[in-house]
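Inspection log for the structure reproduced underneath, given as structure tokens.
The values are calculated or read from the model by the stated rules, or taken from the named source; none is laboratory data. Keep in mind the model is a prediction, meaning the values are calculated, not measured. Here Cβ is always computed from backbone atoms with ideal geometry, including for glycine, and neighbour counts include all displayed protein chains. Please note that ligands, DNA and RNA were not included when accessible areas were found on the heavy atoms of the full protein model with its side chains. Shrake-Rupley method; radii C 1.70, N 1.55, O 1.52, S 1.80 Å.
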Amino acid sequence: MLPSLVELRLVSCQLHSLLQSLPSLNFSSLEVLDLSYNGFYHSEIPNWLVEVSHTLSLLNLTTCSLQGSIPHTIVNFTSLVVLDFSFNYFKGSIPHGFGNMTSLAVMDLSFNDLEGPLPATLGLIQESHHFKHSPLRELRVSNNHLLNGSLERMLPQLSELVVLDVAGNYLNGVITEAHLQNFSRLKVLDLSFNRLILNLSSNWIPDFQLESINLGSCQMGPRFPQWFQNQSRILKLVVSDANLSDTVPDWFWDISPSMEYLDLSFNQLRGELPNLSSRASLLTLVLSGNEFEGRLPQFPPAIEILQLDDNQFSGPISPICDMMNKSNALRHGNNLSRSLSDCWIYGQNLVFLHLGFNQLSGQIPESIGHLINLKSLFLNYNSLSGEIPQSLQNCTSLILLAFGNNSLSGSIPTWLGESSENLHTVTLHHNAFEGNIPVQLCQLRHLTYLDLSFNSLSGSIPPCIDHFLPMAEKEAENAHEDYSLYTNDELKRQMWKSQGRYHSTKSMDLSHNMLSGEIPREVTTLIGLKRLNLSNNYLKGAIPCDIGAMKSLYYLDLSNNRLSGTIPPSVSNLTHLEELNLSYNNLSGKVPSPNNFSAYAFIGNHNLCGPPLAKNCSANESFEETECRANRKSKGQNDGIQEKEHRHGFDPFKEKPSFYISVASGFFTGFWGFWATLVFNESWRKAYFRFLGNMGDRIYVFVVVTTARLRRKFQREQAVE
């Protein structure tokens, strides 16, 4: 019994169960309950919380892996001031009746799976027969994805808020300046990634002074927002993908001296960048996907993230090099230049280097190996040549490596699998790499995306590809990417953005090479793989019978090879398969049914029959399963033999040492047994050497006599001629 307990905090205590009832405990005085950052997997909010509903002022269950629905009894917690259920798996709707929660000031339900509209009484409390504004000051319901309804209808009753974060949902509406009147307290506004339209007058002057603004994906163009001009306290401003098509006014670059984060990406903004070297507070600048032009300006020496790709900049990269030389602070660089300058010796703190979709030429400089903290290197879609520099093996923290669509040559280095064990993504497609696929790549146990297509690689596919563990796991087992290697939330966000932009699924593409041999059976263990492309090679043999085990596949292309035999019946088990291409091989037999694919998936295999092909199978043709059945039977027999050997204690791999010991001891015994006899037995020794002497004399006489006979015969033949 703990009737006097007022505050209970068990944060990050590695608790794994949350009991639904606690009959022996009395929490009648409890005011603060913080169980955040524990792993209550498959647990729901316990019933005993209702017993403390009249005293509790803070309830924090963030990041506890809780599931189920938020109980409707939560609205009876009339003393509650802070409610944090963020980063869980709650489903269903947000309970109505918030008018009863007369003390609630902070509510965070973000990052769950909630759905439906926002409660009609949110931001209001009932008093007598009418409603008035509640004490609610912070409302965070972001990233639930399925919260919907009209936001403009709700805004008037939320005007007392300091923080309004509804990002990443399905809210709609047209918001005008009338809806944002009386929001004089507002400091944080995040409306991003909804279906909102902002129709704000060009001469509107808001009552608030915002510190953080995120209007990403809100349609608010085409004119650049003029109301930003009076926002002098902004620390973070994101207006990406907002349908802006205008020249950025000169006053914008000076609106807030304390601005730390600026993202104007993926609009159609124009103009030249001013000298930004005096913006000492600016740490992140993201201007990708616009129409900025001119030479690169001087940047703040302390900047950490710089992303300028897909613009029309010209001139040298020297401002970037100068900045790194001065402060060593840049962690994410993205810019335009005609050549990849050899200045990376100063970039030891660089974490992201994205130079893709430019016109870079020449070789990748050796100094890039000095970027020892680099996690993401993206050089796709340039004109780089030469080999992958050996110094890159010093970048042991790499997670994303993208060199696709260049003119790189040589072989894929073996150290790539030995020195970069954290790699998740490797894209080397559309280059001129040759030689074998190194087996060392199989050491990349975190690999989720591999693209080596459109090269000149030869040899066989390494059987050890089953070592790519994420590809061998179903999505449910590996649903969340591990970003624990990153030091702060911004780096996590950038890594999620970069990986999501260039690949979105577990994939392996080895197409358009000169690979030979059979498709290794181990590929069928990659049950988490969603995309497999081995087309346009010289692969032969049969399609692995267990291909049906790869039930996550939605794309499978084995076309234009030399594959033979029947199509395994297990192909019908690939229920998620959207695209199948087995055309132009030497396959035979009946096409497995049922299938929903067109004839184009099977053309070029003249011995195939059955729907969807026009060629009918004969009545007695039931041979389509013969090969796989035989293979399974053979495999079963081999497995049985191995099982018996194992049962009787025989393991060929474990027996190797004893085998070698037996050989060595046998050789030693035989060799020294013979010579020891000659050493210690004089009569045997004399007889043995007498025998060798007689044999030597006989061989000598035979050689001399034979040579004399051949000489006389040769002389007679010459005399006759």
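Each residue in the stretch 318-356 was checked for being assigned to a loop (DSSP other than H, G, I, E, B), modelled with pLDDT of 65 or more and out of contact with any strand residue (DSSP E or B) (no Cβ under 8 Å at 6 or more places or on another chain), and 5 of them qualify. Within the set LYS492, LYS474, the sole residue that is at pLDDT below 95, over 26 Å from ILE527 (Cβ atoms) and within 19 Å of the chain's Cα centre (by Cα) turns out to be LYS492. Contact map, the stretch 17-46: residues that are under 20 Å from SER65 (Cβ atoms) paired with residues that are of a type in the set (D, E, K, R) and modelled with pLDDT of 80 or more, Cβ distance under 6 Å, separation 6+ or inter-chain. Pairs shown: ASP34/ARG9.
For the stretch 257-278, residues that are farther than 19 Å from ASP309 by Cβ and in contact with a strand residue (DSSP E or B) (Cβ under 9 Å, 6 or more places away or on another chain) total 2. Going through the stretch 365-394 one residue at a time, which ones are in a helix (DSSP H, G or I), open to solvent by 10 Å² or more (accessible area, probe 1.4 Å) and either modelled with pLDDT under 90 or not small (Gly, Ala, Ser) (or both)? GLU366, SER367, HIS370, GLN390, GLN393, ASN394, listed by residue number. In a residue-by-residue description of the stretch 48-59, the property of being surrounded by fewer than 16 Cβ atoms within 10 Å (Cβ to Cβ), of a type outside the set (Phe, Trp, Tyr) and under 40 Å from the mean Cα position of the chain (by Cα) applies to no position. Number of residues in the stretch 47-80 that are assigned to a loop (DSSP other than H, G, I, E, B), over 19 Å from VAL6 (Cα atoms) and at pLDDT below 90: the value is 1. Note on the stretch 569-582: among residues that are out of contact with any Asp or Glu (no Cβ under 9 Å at 6 or more places or on another chain) and either among the hydroxyl-bearing types (Ser, Thr, Tyr) or at pLDDT 95 or above (or both), the one that is surrounded by the most Cβ atoms within 10 Å (Cβ to Cβ) is SER572. Exactly one residue out of SER453, SER397 is closer than 18 Å to LEU510 by Cα and assigned to a loop (DSSP other than H, G, I, E, B), and it is SER453.
Name the strands (runs of 3 or more DSSP E) wholly within the stretch 499-581 that hold at least 2 residues that are under 26 Å from the mean Cα position of the chain (by Cα)?
507-509, 531-533, 555-557, 579-581
So which residues in the stretch 195-221 are in a loop (DSSP other than H, G, I, E, B), open to solvent by less than 80 Å² (accessible area, probe 1.4 Å), more than 17 Å from LEU287 (Cα to Cα) and not hydrophobic (A, V, I, L, M, F, W, C), if there are any at all? SER201, PRO206, GLN209, GLU211 - these are the residues of the stretch 195-221 that are in a loop (DSSP other than H, G, I, E, B), open to solvent by less than 80 Å² (accessible area, probe 1.4 Å), more than 17 Å from LEU287 (Cα to Cα) and not hydrophobic (A, V, I, L, M, F, W, C).
Looking only at residues of the stretch 306-317 that are at pLDDT below 75 and outside any strand (DSSP E or B), we find that the one that is nearest to the chain's Cα centre (by Cα) is ILE317.
Scanning the stretch 83-124 for residues that are closer than 23 Å to GLY39 by Cα, open to solvent by 40 Å² or more (accessible area, probe 1.4 Å) and outside any loop (DSSP other than H, G, I, E, B) returns TYR89, LYS91, ASP113.
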